[in-house]
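Have a look at the structure below before the remarks.
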């Protein structure tokens, strides 16, 4: 190693050590503040929030916990966030999509059986067993021609795929809703966030006018 590279390496190490020592108090405070928030065993933490010069306790919800719970069981994240009024929406949406899936699955099985039974019975080498299968077809499908049964079967098969995709999409929206709710739980929507219109003087333009002031406290 040349002398120049050695001096550069030594200065780099010294700068790195100095930066680490300068940031260590801040990092220690952040770790102490958020260590319980990253733990899945702790559902909430409390932090100090300044409001009108006074400190108050704000309950902070862990988005990771809300996400995991909603992913494991729909609605559990909403319960964690104490948004109980959303439970009928979550279970109603998933229940309807699940019911549509079962409806399509049942009709797909019925039309598939009816089409297969009529197709086998129409073959030249059809046996008595194939003919007996016609008696097992549901009455509402007995009068439907074989070509139409094939079309219905394919349609119900396609609708099964769509209903599964909708169910998974609604499940994912349930997870997103719980995660966003947990993030926004501590968002300040108090009257301290104010939008005011007041007269003012513009130093840049040198004129008087009306100012639009958005205050964050």
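The values are calculated or read from the model by the stated rules, or taken from the named source; none is laboratory data. Since the model is a prediction, treat every value here as computed from it, not as a measurement. Every residue, glycine among them, receives a Cβ derived from its backbone with ideal geometry; neighbour counts consider all protein chains shown.
Rundown of residues vs (1) in contact with a strand residue (DSSP E or B) (Cβ under 9 Å, 6 or more places away or on another chain); (2) surrounded by fewer than 19 Cβ atoms within 10 Å (Cβ to Cβ); (3) in a loop (DSSP other than H, G, I, E, B), yes/no style:
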residue: 66; (1), (2), (3): no, no, no
residue: 82; (1), (2), (3): yes, yes, yes
residue: 112; (1), (2), (3): no, yes, no
residue: 120; (1), (2), (3): no, yes, no
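Would you check if there is a residue in segment 148-163 being at pLDDT 90 or above, closer than 30 Å to residue 67 by Cα and exposed (fewer than 14 other Cβ atoms within 10 Å of the Cβ)?
yes
At pLDDT 90 or above and surrounded by fewer than 16 Cβ atoms within 10 Å (Cβ to Cβ): is that true of residue 139 in this structure? Before the answer, list the steps.
Working: at pLDDT 90 or above: yes; surrounded by fewer than 16 Cβ atoms within 10 Å (Cβ to Cβ): yes.
Considered against the rule, which asks whether it is at pLDDT 90 or above and surrounded by fewer than 16 Cβ atoms within 10 Å (Cβ to Cβ), residue 139 comes out as yes.
Only one of these is over 30 Å from residue 66 (Cα atoms), at pLDDT 90 or above and in contact with a helix residue (DSSP H, G or I) (Cβ under 7 Å, 6 or more places away or on another chain): 105, 170. Name it. Working first, answer last.
Numbers: 170 fails: over 30 Å from residue 66 (Cα atoms).
Going through 105, 170 in turn, the sole match is 105.
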